[in-house]
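Structure first, commentary second.
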Amino acid sequence: MDKLVSLAKRRGFVFQSSEIYGGLGSVWDYGPLGVELKKNIKERWWRSMVHERQDIEGLDAAILMHPKVWEASGHVAGFTDPLVDCKHCKNRFRADDPRIKGTPGQPDAQCPVCGSKGTLTAPRQFNLMFKTFMGPVEEQAAVIYLRPETAQGIYVNYLNVQQSSRQKIPFGIAQIGKAFRNEITPGNFIFRTREFEQMEMQFFVKPGTENEWFERWRAERMKWVEGLGIRAEKLRWHQHGKDELAHYAKDAYDIQYEFPFGWQEFEGIHNRTDFDLSNHQKYAGKKLDYLDPKTNERFVPYVVETSAGADRTTLVVLCDAYREEEVRGGEAAEDGGGEQRVVLKLKPSLAPLKAAVFPLVNKDGMPELAHRIHDDLRRHFNVFYDDGGSIGRRYRRQDEAGTPYGITIDGQSTQDQTVTVRDRDTLKQDRVAADKLVDYLTQKLAG
Ligand code: GAP
């Protein structure tokens, strides 16, 4: 993991937040390449969920919501983690931290940081929601929360969306947005943070049909994840046991990835029944039932939710793409000898930069032609111009950035207007006419 974190910084994917002040715990900023990668993932999700389907509408609800929303949703009472303190070293842990030996609150319990015995307090519940104040007065009546999930913005708007878009049940609402959780033990880079982005979709169905839709959405979501190019053997399902289920869920499956720190979820499919809508109906005192125009039946819909973390999915994509390899043959020689390379084998359509343009040398008309090609390509793709250092070193930098194609303008290019295109993964080079590069890359980047 340390190697990935260091590559992410070196190449401008992810930086620690407020680094010049020593950083802010488990908060991260996305640099020039990271913002592109995460945006490509989010756009792919939006396209498959909203644009390619007739039965799902998009929404962008506000982060701040009426405080009663979180009472109705059960988050004020139930969105808690058990927390223990070490009275000796003052560190805090989740009570289920696997590093804790013994039972917290008992003399046998041992602090995983300072090693003291009997200093861990008995677990107490800690609410994970961030609180803030609305308006100038910091008083209890002004308390509001930063949303811990985007889903509630969808529930409180479901009738607005349904009526304005004239959707009929079954239909869904999709949203991408920030969520905040005051996690007790964040960590593992962008895996568990206190501020993160979710890509959530709530699918509203007739009661009695939720199991069928649950299975359909499980299959759809796994297909989408596989479409990111993730190796199949690194993916698996995990069904929540009774003690793992969130307070709103009747059934839940996680899609897990085998991270360097073990198997962990990055997306969940949840059967939320009518838990949320019924509670909002009760707390808001407003009817949230749906009138079926065909049967004239009225019912509160059941909800099947698909909930993915944009940051965790980005981490999955980065972990899965990261490889250290030996480079053989001509390229190793061009590089001045170093045969090891670090490469991000990102799916080309997800890669932040689609191609890099290199004049072989900075003379003999090569830079002029290279600039012309770069200017032409950048109207179609995110491309990069690099004329610094040996060509081997320039290839290595783009390998680390995950750039799938390297376009080199050499002596032959100025004679016949062709260039070489080097494939990041196979290292094979094609000679392509400069005026056919847009078509060539378009074809390669599809999918
Ligand atoms: N609306 C349902 C919900 O929020 P969840 O399992 O708590 O369900 C869904 O969260 C997804 O959000 C997770 O699979 C994960 O990808 C992401 N996520 C949750 N907490 C996170 C955190 N602290 N940091 C980064 N991502 C997080």
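The values are calculated or read from the model by the stated rules, or taken from the named source; none is laboratory data. The structure displayed is predicted, hence computed values, not measured ones. Note that each Cβ is placed from the backbone with ideal geometry, even for glycine, and that neighbours are counted across all protein chains shown.
The residues of the stretch 1-30 that are over 15 Å from the mean Cα position of the chain (by Cα) and assigned to a loop (DSSP other than H, G, I, E, B), listed by number, are Met1, Arg11, Gly12, Ser17, Ser18, Gly22, Gly23, Leu24, Gly25, Ser26.
Put simply, of Phe203, Phe275, Phe196 the only residue that is within 30 Å of Asn40 (Cβ to Cβ) and either more than 11 Å from the ligand (Cβ to nearest atom) or more than 18 Å from the chain's Cα centre (by Cα) (or both) is Phe203. State whether one or more residues within the stretch 313-323 are more than 24 Å from Ile176 (Cα to Cα) and either without any contact (Cβ under 8 Å) to a residue 40 or more places away in the chain or acidic (Asp, Glu) (or both). Yes, the stretch 313-323 has at least one match. Is it the case that some residue within the stretch 32-39 is surrounded by fewer than 17 Cβ atoms within 10 Å (Cβ to Cβ), more than 22 Å from the chain's Cα centre (by Cα) and at pLDDT 95 or above? Taking every residue of the stretch 32-39 in turn, none turns out to be surrounded by fewer than 17 Cβ atoms within 10 Å (Cβ to Cβ), more than 22 Å from the chain's Cα centre (by Cα) and at pLDDT 95 or above. When residues in the stretch 142-157 are screened for being over 15 Å from Val76 (Cβ atoms) and either near the ligand (Cβ under 9 Å from one of its atoms) or modelled with pLDDT under 95 (or both), 3 of them pass. Evaluation of Arg99 against the conditions (1) under 28 Å from Tyr248 (Cα atoms); (2) modelled with pLDDT under 95; (3) not hydroxyl-bearing (Ser, Thr, Tyr) shows that the sole unmet condition is (1). Remark: pairs (first residue in the stretch 431-447, under 14 Å from Arg379 (Cβ atoms) and of a type in the set (Val, Ile, Thr); second residue at pLDDT below 95 and in a helix (DSSP H, G or I); Cβ separation under 6 Å; 6+ apart in sequence or on different chains) are absent.
For the stretch 173-188, the tally of residues that are closer than 16 Å to Met199 by Cα and near the ligand (Cβ under 10 Å from one of its atoms) stands at 3. Filtering Gly227, Gly135, Gly208 for residues that are touching a Gly at 6+ places or on another chain (Cβ under 9 Å) and either within 13 Å of the ligand (Cβ to nearest atom) or not hydrophobic (A, V, I, L, M, F, W, C) (or both) leaves a single hit, Gly227.
Reported count of residues in the stretch 160-172, each being in contact (Cβ under 8 Å) with a residue 60 or more places away in the chain, of a type outside the set (A, V, I, L, M, F, W, C) and more than 14 Å from the ligand (Cβ to nearest atom), is 5.
So, Glu265, is that one within 9 Å of the ligand (Cβ to nearest atom), within 19 Å of Ala174 (Cα to Cα), part of a strand (DSSP E or B) and in contact with a strand residue (DSSP E or B) (Cβ under 6 Å, 6 or more places away or on another chain) or not? No: the conditions fail for Glu265. Residue-level check: of (1) in contact with a strand residue (DSSP E or B) (Cβ under 7 Å, 6 or more places away or on another chain); (2) assigned to a helix (DSSP H, G or I), Lys68 misses just (1).
Among residues of the stretch 296-313 being among the aliphatic types (A, V, I, L, M) and surrounded by fewer than 24 Cβ atoms within 10 Å (Cβ to Cβ), the one that is farthest from the ligand (Cβ to nearest atom) is Val300.
Within the stretch 337-374, the set of residues being without any contact (Cβ under 8 Å) to a residue 24 or more places away in the chain and of a type in the set (A, V, I, L, M) comprises just one member, Val361. Test Tyr257 against the stated conditions and say whether it is touching a Cys at 6+ places or on another chain (Cβ under 8 Å), at negative phi and either free of Cβ contacts under 8 Å to residues at least 40 places away in the same chain or not in a loop (DSSP other than H, G, I, E, B) (or both). Yes; evaluated as a whole, the condition is true for this residue.
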